[in-house]
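Q: Right, I'll just put the structure down here and ask away after.
The numbers here are math on the coordinates, done by the rules we state, and not lab data. The structure displayed is predicted, hence computed values, not measured ones. As a convention, Cβ positions derive from the backbone with ideal geometry for all residues, glycine included, and neighbour counts pool all protein chains shown.
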Amino acid sequence: MTNHHIAIPAVLKVGKGVLPKIGACLKDSGFRNVVIYFGNGLIDLFGCTVMESMKEADVSVLEYREIDTTRIEELVELAFSVSNKAQAIVGLGGGKVIDAAKYTAFLRKIPFISVPTSASSDGFSSASASLLVGGKRTSVPARLAYGILVDTDVIKSAPEKFIYSGIGDMVSKIPALYDWVYEDAKGYTVLNDFSMMIAKKAVNSFVRTPFETIHDDLFLKELIDSLAMSGIANEIAGSSAPTSGSEHLISHALDKFSERPQLHGIQVGIASYLMCRVQDHRWKRLDTVFTDTGFWDYTAGLGLAREDYLRAVDMAPSIKPHRHTYLHEEAYRELAKKMLREDAVLQRILV
């Protein structure tokens with residue numbers, strides 16, 4: 001029998017006013033010496049708040065700097081410049097610095113504390129990092145966050161496009177899980193029922209959350225909580241299958257050739273609606289969520305090219321040839337392209 005050990009975050013704090021308490025959170029977890037990486041321009045915005053909190057909690061900041069690179073060579077060099085006294089690495093900012101911090105912590109085999117300043121994807125809770133390897137964006141193993149600290153006041157101050165991106169990435173679990181079931185039925189993989197339960201509960205909880213605006217504290221907390229649960233579902237499964245299917249393959253394809261790539265969650269959200277139409281599964285629910293949150297209104301103003309999505313559908317199977325999603329079969333690729341041309345919603349979104 002094979003023993004499968006999983007890691008889950010030991011600390012999860014999501015709510016108003018979390019950032020000024022970051023020092024106390026780290027102290028309560030036993031950390032006395034830390035390194036902090038800020039996203040580009042964020043020392044000016046949040047540096048004083050963070051440093052004052054550390055000082056009040058008597059937590060020593062051995063080093064702090066802004067990070068604006070995900071080149072693997074630079075991060076390897078950065079990792080081995082970290083003081084041996086460091087007990088944890090804190091990443092505060094968007095996806096780039098979160099990926100850099102988690103990979104640095106992975107190399108040094110010390111805990112990683114994730115402090116996202118936007119809710120644009122589930123990257124802040126995943127155990128992989130999107131880095132530049134040989135000039136190409138590549139997903140590499142990293143470290144699942146030991147702690148996730150999210151201040152909803154900070155999240156709501158970010159541009160709305162990041163919230164829309166998070167919404168798109170969150171609902172992508174619906175077509176992704178259907179792809180996983182399809183792969184299992186075709187004999188290409190074996191489902192992990194517990195992982196599926198976690199991912200399904202996460203997305204269902206989110207899409208059923210009542211809200212007046214996407215800036216509501218409850219809505220943002222539910223979005224963050226659900227994105228965090230997605231990372232745990234992947235950890236249990238030992239892969240990204242519970243949260244990443246054909247819709248992600250379309251987005252990854254777009255990243256390879258599009259002249260105007262959008263935020264990951266924006267592309268994934270549009271592709272999720274498309275794939276739910278192809279799967280004939282819960283596409284009305286996605287349409288309702290995207291209409292009520294304003295996601296469709298936002299994406300309709302981007303001038304996205306239908307031809308790019310048509311090309312991405314054809315390219316999708318080559319992104320992960322070892323998978324067997326709906327798009328790995330020609331009949332479903334043809335249906336997806338038919339939907340891109342004829343679906344009323346997608347006719348409004350794509351030009």
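Q: In degrees, nearest 10, range 0 to 90: what is the angle between the Cα axis of helix 160-171 and the longest Cα principal axis of the chain?
A: The answer is roughly 60 degrees.
Q: Further, regarding this structure: Using Cβ counts within 10 Å as a stand-in for footprinting exposure, how do 288, 243, 299 rank, fewest first?
A: 288, 299, 243
Q: Next up: Suppose we keep just the alpha-carbon trace of segment 160-349; what are its Rg and Dmax in angstrom?
A: Spelled out, the Cα radius of gyration and Dmax of segment 160-349 are 15.4, 44 Å.
Q: Two decimals is fine: what's Rg over Rh for the chain, C-alpha atoms, Kirkwood radius as Rh?
A: 0.97
Q: Determine the principal axes of the Cα atoms in segment 11-157, then give the extent along each, sorted from largest to smallest and rounded to whole angstroms.
A: 42, 35, 26
Q: Please check: in the Gaussian network model of the chain (C-alpha springs, under 10 Å), which one of 118, 272, 157 has the largest mean-square fluctuation.
A: For the chain, modelled as a Gaussian network with Cα springs under 10 Å, the answer is 157.
Q: Got a sec? Charge dipole of the chain, +1 on Cβ for Lys and Arg, -1 for Asp and Glu; which of 67, 167, 331 is way out at the positive end?
A: With unit charges placed on the Cβ atoms, the residue in question is 331.
Q: Find which of 54, 278, 125 sits farthest along the positive direction of the dipole of the chain, computed with +1 on the beta-carbon of Lys and Arg, -1 on that of Asp and Glu, about the Cα centre.
A: 125
Q: Restricting attention to segment 197-270, which GluC sites (Glu not before Pro) occupy a DSSP loop and are surrounded by at most 16 other Cβ atoms within 10 Å?
A: Numbers: sites: 212, 222, 235, 247, 259; in loops: 212, 259.
Passing sites in segment 197-270 are 212, 259.
Q: Continuing with this model, one more query. What distance in nm separates the two pseudo spin-label positions at residue 239 and residue 49, each 7 Å out from Cα along the beta-carbon direction?
A: With each label placed 7 Å out from Cα toward Cβ, I get 4.0 nm.
Q: Restricting to bridges with both residues inside the chain, how much of the DSSP beta-bridge set is antiparallel, in percent to the nearest 5?
A: Here the share of antiparallel DSSP bridges comes out near 20 percent.
Q: Please report the projected area of segment 238-333's Cα convex hull averaged over all directions, in nm².
A: 6.4
Q: Check which residues have an amide H placed less than 5 Å from residue 304's amide H, if you skip close sequence neighbours.
A: 351
Q: Assigning unit charges at the beta carbon (Lys, Arg +1; Asp, Glu -1) and nothing else, what dipole magnitude in debye, to the nearest 20, does the chain show about its Cα centre?
A: That gives a dipole near 480 debye.
Q: Relative contact order for the chain: what percent, with Cα pairs under 8 Å and sequence separation of 6 or more?
A: Answer for the chain is 15 percent.
Q: At a threshold of 8 angstrom on Cα-Cα distance, excluding pairs fewer than six apart, so keeping six or more, what relative contact order does segment 160-349 reach in percent?
A: Contact order relative to length: 29 percent.
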